[in-house]
Amino acid sequence: MTYDPSIVSYRSLLEFFYRMHDATTLNRQGPDVGTQYRSVIFTHGDEQEKIAKEVTEKVGKEWFKQPVSTVVVPAGQWWDAEEYHQLYLNKNPEGYECPAQ
């Protein structure tokens, strides 16, 4: 996925992210448990960090009515997931129900 700020604002992208998963569960998404399922926002620069923290605080107070477990950290080294994880829902249509599908 490539982020294009001329199409969608960073704030809108983050708000969509929070609508797509339960950000109140630590190291878990649905039946999947472990640190690889933690909720994290990786930022590029001070402005993204500021917006990410603002949005995270807002959704915790206004949407979830409780603190979220999502952490905001600077982006660092990135590794793509293994090939069998790429396009997972296309390869495993019976495996999960994704709210975006």
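The values are calculated or read from the model by the stated rules, or taken from the named source; none is laboratory data. In this text the structure is predicted, and so the values were computed from the model without any measurement. Because the Cβ atoms are built from the backbone with ideal geometry, glycine has one as well, and the counts that use them run over all protein chains shown. What goes into the accessible areas is simple: the full protein's heavy atoms, side chains included, and nothing from ligands, DNA or RNA. Shrake-Rupley method; radii C 1.70, N 1.55, O 1.52, S 1.80 Å.
For a label point 7 angstrom out from the Cα of residue 40 toward its Cβ, which stretches of the stretch 47-73 have the backbone nitrogen within less than 11 Å?
71-73
Decide, for the stretch 1-56, between rounded, prolate and oblate: order the square roots of the alpha carbon gyration tensor eigenvalues as a ≥ b ≥ c, take rounded if a/c falls under 1.5, and otherwise choose prolate if a/b is larger than b/c, else oblate.
Taking the square roots of the gyration eigenvalues as a ≥ b ≥ c, the stretch 1-56 is prolate.
Output wanted: per-residue J couplings in Hz (rounded whole) for the stretch 26-34, from phi through Karplus 6.51 cos²θ - 1.76 cosθ + 1.60, θ = phi - 60°, x for Gly and Pro.
Residue by residue, the stretch 26-34 yields 7, 6, 7, 9, x, x, 8, 10, x Hz.
Ignoring ligands and nucleic acids, what accessible area does residue 69 show with a 1.4 Å probe (Å², nearest 10)?
30
Quick check: with the 1.4 Å probe, what order do 53, 65 take by accessible area, largest first?
Largest accessible area first, the residues go 65, 53.
Between residue 8 and residue 28, what FRET efficiency follows from the Cβ-Cβ distance if R0 is 30 Å, with the result rounded to 0.05?
0.65
Which value at 222 nm does the chain reach when only helices count, each DSSP H run of 4 or more adding -39,500 (n - 2.57), with the total divided by all residues and rounded to the nearest 500 deg cm²/dmol?
-7500 deg cm²/dmol
At q = 0.17, 0.19, 0.24 Å⁻¹, what log₁₀ I(q)/I(0) does the chain have when each alpha carbon counts as one equal point scatterer in the Debye sum?
Debye curve over Cα of the chain, log10 I(q)/I(0) at q = 0.17, 0.19, 0.24 Å⁻¹: -0.94, -1.17, -1.51.
Using heavy-atom solvent-accessible surface (probe 1.4 Å) with all chains present, what is the largest-first order of 11, 19?
Ranking 11, 19 by accessible area, largest first, yields 19, 11.
Please work out how much accessible surface residue 37 shows to a 1.4 Å probe, ignoring ligands, DNA and RNA, in Å² rounded to 10.
80
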